[in-house]
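Below is one structure, written out as structure tokens; the observations come after it.
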Amino acid sequence: TILTTAALTLAALTIPATAAWATGNQCTTYTHDNLTSWTATAGATVELLDKGVKVVTPETASKAGFTVLTDVPAKNVKAASYQTFKYDNVAPAALPAYRIVLDVDDDGTADGTIVFEPYWQISGNPAQNTAQTWDVLSGKFWTSSEKVAGLSKTAGGPPEKTWAQIV
């Protein structure tokens, strides 16, 4: 079961106003129309824009995130994507990661988080001043948990398994 999903940022960028996911044949779109679901720590800032959310994380320890889903069976998730727009070249590879918190034993308690990071999915650095859509479920994930079967515990990659392999 997915308990929550969140996007965390590592550099200055904009996340557009919608982030889509699908369960079964029903697709729902999350729209950023306020900042109440966002958190920011260690100097990170989040600003609501007309076409998205601008997130700036000036330090390595800076993080920003928002909760997208709650309590969805993993087998029902058929699509997940988000779009980024990278404005700077301060941290050339850095873009927001898509983090999915899992309850692998279905007891209602988080057992681990799997992480999709765009720079692990491409060769080179993400393009600047270009909107890019990331198909999360087509990429590979890593985890810092020992409880996600089939994935080695790591502090930041490399990713090992796709969503289908994890499910």
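The values are calculated or read from the model by the stated rules, or taken from the named source; none is laboratory data. Because the structure is a prediction, the values reported are computed rather than measured. So basically every Cβ, Gly included, is an ideal-geometry build from the backbone, and we count neighbours across all protein chains shown. Only protein heavy atoms, including side chains, enter the accessible area calculation; ligands, DNA and RNA are left aside. Shrake-Rupley method; radii C 1.70, N 1.55, O 1.52, S 1.80 Å.
Brief remarks on what is shown
- Listed by position, the strands (runs of 3 or more DSSP E) contained in region 85-167 that have at least 3 residues being surrounded by fewer than 18 Cβ atoms within 10 Å (Cβ to Cβ) and not aromatic (Phe, Trp, Tyr) are 131-135.
- Evaluated against (1) under 30 Å from Lys51 (Cβ atoms); (2) open to solvent by 50 Å² or more (accessible area, probe 1.4 Å); (3) free of Cβ contacts under 8 Å to residues at least 40 places away in the same chain, Lys78 falls short on exactly one condition, (3).
- The residue that is nearest to Ala131 (Cα to Cα), counting only those in region 41-68 that are open to solvent by 70 Å² or more (accessible area, probe 1.4 Å) and not in a strand (DSSP E or B), is Lys51.
- Checking each residue in region 117-138 for being closer than 14 Å to Arg99 by Cβ and either modelled with pLDDT of 95 or more or touching a Leu at 6+ places or on another chain (Cβ under 6 Å) (or both) picks out only Pro118.
- Residue under evaluation Asp106, criteria (1) within 17 Å of the chain's Cα centre (by Cα); (2) touching a residue at least 60 places away in the same chain (Cβ under 8 Å), criterion not met: (1)
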